[in-house]
Amino acid sequence: MSAFVLGREYELQLPNSYVDVDRDEMEYLDGGQFYSKNDCRLALAALAINPSTYLNIAMSYTLAKLLINKVSAMFGGVAGWAVGVVLTYAGSQIITFGAALCRGAINRGVDISWNWNIFKDSLGVVYSVRY
């Protein structure tokens with residue numbers, strides 16, 4: 001190692017130039033994905049053209065109902081209610097993501113991210129449309 005590192009006679013220095021970032025920008029930089037108008041249209045077209053999409057939706061609904069009924073029968077109403085809440089929330093997030101893609105296809109695109117801050121907005125998929 002160099003004598004400079006071993007001597008530890010240096011201080012942490014800020015860069016000569018920097019840009020101040022506010023909280024909203026930091027949250028935007030934290031994650032998310034931009035989907036252009038064309039990306040949204042292609043994703044929606046792929047879902048609409050693929051016949052297995054509709055079969056998967058029907059099977060998912062049937063499996064969810066079966067799971068809720070089995071859990072309710074085995075553990076009682078509270079466990080069935082908890083499973084129902086989780087599955088309903090998951091379904092609402094899928095619907096929100098689909099709505100974001102639709103709005104992005106109509107406008108100039110959409111930024112989609114996942115919100116972890118339960119105190120600012122609701123927990124889950126968050127999107128902002130570019131007009």
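Here are the numbers for this structure:
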| read-out | value |
| --- | --- |
| Qualifying position, being out of contact with any strand residue (DSSP E or B) (no Cβ under 9 Å at 6 or more places or on another chain) and either closer than 22 Å to G32 by Cα or among the acidic types (D, E) (or both), among W81, W116 | W116 |
| Tally, over region 85-124, of residues that are under 17 Å from A43 (Cβ atoms), of a type in the set (A, V, I, L, M) and buried (at least 16 other Cβ atoms within 10 Å of the Cβ) | 5 |
| Residue match in region 82-98 (condition: modelled with pLDDT under 80 and out of contact with any Gly (no Cβ under 9 Å at 6 or more places or on another chain)) | no |
| All positions within region 77-131 that are part of a helix (DSSP H, G or I), in contact with a helix residue (DSSP H, G or I) (Cβ under 6 Å, 6 or more places away or on another chain) and in contact (Cβ under 8 Å) with a residue 24 or more places away in the chain | L101, G104, A105 |
| Residues located in region 56-84, provided they are under 24 Å from the mean Cα position of the chain (by Cα) and under 28 Å from A43 (Cα atoms) | N56, I57, A58, M59, S60, Y61, L63, A64 |
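The values are calculated or read from the model by the stated rules, or taken from the named source; none is laboratory data. Values in this document were obtained by computation on a predicted structure and should not be read as measured data. As a convention, Cβ positions derive from the backbone with ideal geometry for all residues, glycine included, and neighbour counts pool all protein chains shown.
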